[in-house]
Amino acid sequence: MSVVKQDSAGSRIANPLITVSQFAPWFVVIVFLSLLPVIFTSGAALTIMNQMAITIIFALAYNMLLGQGGMLSFGHAVYMGLGGFFCVHLMNMIEYDGLWLPLPLLPFFGGLFGLVFALIIGTFSTRRAGTVFAMISLGVGELIAASSIIVVVFFGGEEGISGDRTMGPETFGLDFASQLEVYYLTAFWLVISALAMYLFSRTPVGRMANAVRDNEERAEFLGYSQRNVRFISFCASGFFAGIAGGIFAINFEILTEENLNLATSGSILLITFLGGVGFFVGPIIGAIVFTFLQTVLSLYTEIWQLYLGTLFLLTVMFFPFGLTGLIAMHMRPYQLGKISLLVKPYLRMAIPGIVCVLSFSSLLEIAFHAKHAAIGEEHMSLFGFGFNSYNILLWLVVLVLSIGSGWLCKRLAVGVREAWDEANFVEPRS
Amino acid sequence: MKKLTGIILGTVMAGMLASTAIAADNIKIAFIDPLSGGFAATGQDGLAQYRFAAEELVNKTGGVLGGTKFEIVPFDNKISPKESLIQLQVAIDQGIRFIAQGNSSGVAHAITAAVKKHNKRNPDKRVLFLNYSAVDPALTNDKCNFWHFRFDANADIKMDALTDIISANKDIKKIYLIGQDYSFGKAVAAAAVKYLGQKRPDVEIVGNELHPIGKVKDFTPYARKIISSGADAMITGNWGSDMVGLGKSMIAAGFKNPMYTYYAASTGITKIFGADGKGPLKLVGEGQINPPASDRADAYAKAYKAKYPDNDLGQPRIANVIEMLAKAIDKAGTASDMVAVGTALEGMEHDSIWGSKILMRAKDHQAIQDVHIFGHTDEGVAHDFDNSGFGLKVENTVKMASADSATTCKMERP
Amino acid sequence: MSLLLVNLLDGLVTGLLLFMLCSGLTLIFSMMGVLNFAHASFYMLGAYFAYQISTYVGFWPGLILAPIIVGLAGALVERYGLRRVHKFGHVPELVFTFGLALLIEEIVQFFWGKSHMAYEPPALLNFTALTIAGNGFPAYKVFMIFMAMAIFLVLLYILTRTRVGLIIQAALSYPETVQNLGHNVPLVFMGVFGVGTALAGVAGVIAGPTLGTFPGMAAVLGSIVFVTIVIGGLGSLWGALAASLLIGWLQTFAASYNIVIGDVLVAVGFPMPVNLDDSALRDLWTLTVSQIGPILPYLLMVLVLVIRPQGLFGKRET
């Protein structure tokens, strides 16, 4: 892949890009991904897993900017969306104009289109980092999203552009009509892109992106043009976002304004941040959790966005390194062999913690039901229990439960903190 | 770490998906519309009307196929085409064979294309798409297919009826067209130009413009322009906050002439216009609620309000969807063979609870029905909207509007 | 000619309204270095609180009370949210306000539902102040103009003529020095955040009746507010005023005149394609200025940032 090209200044590399031991987890992932459809056979599960895979690639591409390059973008959906639109047009050319192109190669062309567009925008947007970059990305994002409604020829207006993936030449006897075939194609591209992005982060260019993120001036003094480093990261990110767009086109066979707009750009920022920007696996975890919550939680509650927003704010406030950061925090006690010290306080915390979360969400659900449900429909069910949402006693019980467990949590937190300090304490060598 | 999270989440996901798929004997109808986000008010209203119609019109009268009941299963599509396709897949996985959707023609296009492909690829799990609100004419013209049925009058039909009324009014000599810049807004404008040209060539169209959808903060400049053009009437297909913004600005700027709209009612809009809208505000649509067409219709509307005091009967056609589907299932004798149910629905004639006769035209699956011009008023309104005392009252009716209109649909039957 | 006058007045109303939001945002930005993405959400809260108050005691008490409540809420957010996130750096701060904007929208829907609220101008101002060539200009809009002017003058006076203003200005540039002089800088930050959000609340109270009170009202205005202060130059009050008026007039005039891009192209000398429907550029030829009016500010912002990254009136680059 062209993006794994090595920078001339750093061509004397002693270490290989990846060692056998580092490759081992990837092998496990490949086996795991190929076994998944055996466990989850339903079409909906396949659709949701495909959606997760697309979001993972997109989030990883986004993290090349935010996590590795320190560039905050509010319009990154544009590159994924444009790659996707281009792929649907290619699909239609395959169907109607007899273009010969096997479907599995389509995402690569989506990537190229994303790359071309990133090259154009990057020439002026990457000149500066920080707020200027962020605001230019916002402006460009709004402009492209707005023109998607206006330029009907390419974007198809509000109804978007749709195609049919099964019309191309058969590849290995597959026509990709079934969800399962599409799943394996998606998984293939997921592994390829994730591996390529991982390798990119280990090239000298990838390392320099980190250096520029941390201190622009110092990187300049070392002889690197901060602008060029940002530009290369930006283009690579656009390329992988375009690949995600191509896979989206294959999965959903339709692209609309939604794929370009600010909401999509914003949610990828939330996903990446939720997972943890400082880690390569962060966006992966963020994408899985977010897609899961968005698709499944919304089946059960109308106010799922309230929960998602709360979860997100709490993450930013208490775990600025995201969910992955929360896990990574425990590596040190683990290495010190003191992880066992934490088990007991965690378990003690678990019961009031779970009760607190459940009772608080019950309070919200009951209040929401009482306020918005139909007259006569006072009955509601929650966690398998049915009850009347106007019952004062019930309100009191839930209220007491949530306040009580919250208070207990606050008290127990002291013990957890002590245990945490203890577990992270290194005995001074005498 | 990643793997472990994956396994845990995957197991939970599988469990949750499985638990929703409890096999029951009810005939399930998937309601895929926005239930959260900015358009949720309309979606929630539609859901309440579906639930009520299924309960009152089918389940309480003995069900279909000798006792089987209807059940509405809501899916939140967040008005996103992508989410709609995911929820469609979830619905199909749960064994649901009837899909109801209405909000946004863009979503309807995505669903009708997906349903067509799904039915071709999975002949044993075919589904029917009951479109109760998306009115882009293309859905029953170029983009039509056997699995899609539209129960609302499309944008062309409504405009045909509206221009019948306008051409009878000799006071109207100048008309201003304004709409949202997307497929539906453009369809409304094109239909208005076409029909006015045929019926009243002397009427001058003094303005025909589109504004970005959902992006205009203040409609005052548009209102100034319309008033300065000397228009005797305005036609708009705007909905949601674009309708509120435009209408309020027009009234504030002193426009006293008729404003013909498609969607200026219910979900808070009627309450906001209140006394200001009485007189200028008109609406074209189906489903006569005021004055009630019959005692049965009156009782139905009263019972609905008693059960859902915060919701309105904003989309009366939903009652037709439920009744006609029940009839088709009974006629076909099955609720699992979609070809049979679809064939039974084609060409069906039905006497609506709202007084109109309804014909599901076989050549394009477009329902032909009476289309009314309503006035926004507080006089003689038995059933108001938004509990505001104001509501829609029929002023003119076009019987079986556009019954012989042409279609470009080439229906391919399985 | 008379329409031009009406448009000038309408543009002034839009611009001044935008300025009420921008003034608070730009103060917050220059002090904390963070773009408050939730600023428009406080504007929305102002409208909803005022609506709720107006259903009990009428419009006028809401005009005073709602901004105070919004300001208090803003101060609390600063004290218990932003201050905590501040130590992690600018990106988490920005992401925090981004998430806060989403959460506030959800909270508003939780309590008030998803429909429009029937929030009306007070009966006292519900008449047409003047009529120009058939176009009525409501008295309420005259009131809006005077309110915005008054706020600008008071703000200018406080910032440049009072001791508090001097401390704020000093804290903007040299927070550590000011702290060493014995001033409570965190308190100043909290105060500025509270006042800034209260200003957004005032804008919401007086814009709610004319622009509509609904859950999407923050999103419609949200990013335009940043665009305005970026164009004006971050941290500059005069820049915010100039950019607000510029954008107010830009949007008003773009919406008022039906200029078709195709006509402009022909006038410049491009030949019109013979068969327009088959042309790949047909969308460009039929485009009107009013169609693209709302995205013009974004275009302007990108151009300004490429040419002059510090904005029109800004002194420092960010």
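The numbers here are math on the coordinates, done by the rules we state, and not lab data. This structure is a prediction, so every number in the text was calculated from the model and none was measured. Don't worry about glycine lacking a Cβ; one is built from the backbone with ideal geometry, like all the others, and counts go over all protein chains shown.
Annotations for the structure displayed:
- By DSSP, the beta bridges lying fully in the protein assembly as shown are antiparallel in about 45 percent of cases.
- Per-residue ellipticity at 222 nm, computed for chain A from helices alone with -39500 (n - 2.57) per DSSP H run of at least four residues, works out to -23500 deg cm²/dmol.
- For the stretch B:259-414, the Cα-based Rg and Dmax, in that order, read 17.3, 53 Å.
- Relative contact order [Cα under 8 Å, 6+ residues apart], chain C, whole percent: 32 percent
- Value at 222 nm in deg cm²/dmol, rounded to 500, when DSSP H runs of n ≥ 4 in chain B each add -39,500 (n - 2.57): -12000 deg cm²/dmol
- In order along the stretch B:160-169, the phi-based Karplus estimate (6.51 cos²θ - 1.76 cosθ + 1.60, θ = phi - 60°) of 3J(HN,Hα) comes to 4, 5, 4, 6, 4, 6, 5, 5, 7, 9 Hz; Gly and Pro are listed as x.
- Placing unit charges on the Cβ atoms only, positive for Lys and Arg and negative for Asp and Glu, gives chain A a dipole magnitude near 1860 debye about its Cα centre.
- C-alpha center-to-center spacing [the stretch B:58-126, the stretch A:188-250] in angstrom: 42 Å
- Note: relative contact order over chain A, using C-alpha pairs below 8 Å and six or more positions apart, is 23 percent.
- Counting only other chain Cβ atoms within 10 Å of each residue's Cβ, the peptide C:135-147 averages 2.
- Shielding by other protein chains, C:245-258, mean Cβ within 10 Å: 3
- Centroid-to-centroid separation of the stretch A:259-326 and the stretch B:31-51 [C-alpha atoms, Å]: 25 Å
- Taken about its Cα centre, chain C carries a charge dipole of roughly 940 debye when the Cβ of each Lys and Arg holds +1 and the Cβ of each Asp and Glu holds -1.
- The stretch A:38-107 and the stretch C:32-101 have Cα centres spaced 37 Å apart.
- Between the listed residues B:Tyr182, B:Val193, B:Ile322, the Cα displaced farthest toward the positive end of the dipole of chain B, a dipole computed from Cβ unit charges relative to the Cα centre, is found at B:Tyr182.
- Ordering B:Gly95, C:Ala150, B:Ala265 by Cα displacement along the dipole of the protein assembly as shown toward the positive end leaves C:Ala150 in first place; charges were set at the Cβ atoms of Lys, Arg (+1) and Asp, Glu (-1).
- Electrostatic dipole magnitude of the stretch C:205-318 [Cβ: Lys, Arg +1; Asp, Glu -1; Cα centre; debye, to 20]: 520 debye
- Helix-only mean residue ellipticity at 222 nm for chain C, each DSSP H run of n ≥ 4 adding -39500 (n - 2.57), per residue, nearest 500: -23500 deg cm²/dmol
- Here the Kirkwood formula puts the hydrodynamic radius of chain A at 24.1 Å, using every distinct Cα pair.
- Look at the dipole of the stretch C:2-219 built from charges on Cβ: of C:Tyr119, C:Leu76, C:Val13, the Cα furthest out on the positive end belongs to C:Leu76.
- Note on C:96-105: average number of Cβ atoms from other chains within 10 Å of each residue's Cβ is 6.
- Where a label projected 7 Å from the Cα of B:Lys174 along Cα→Cβ would reach, residues of the stretch B:233-249 with amide N under 19 Å: B:233-236
- From the largest down, the protein assembly as shown spans 99, 75, 75 angstrom on the principal axes of its Cα atoms.
- Separation in nanometres of the label points that stand 7 Å from Cα toward Cβ, at A:Leu358 and B:Asp295: 5.3 nm
- Taking the stretch C:13-33 and a reference point 7 angstrom along Cα→Cβ of C:Trp238, no backbone N atom is nearer than 15 Å.
- Based on C-alpha pairs under 8 angstrom that are at least 6 apart in sequence, chain B has a relative contact order of 17 percent.
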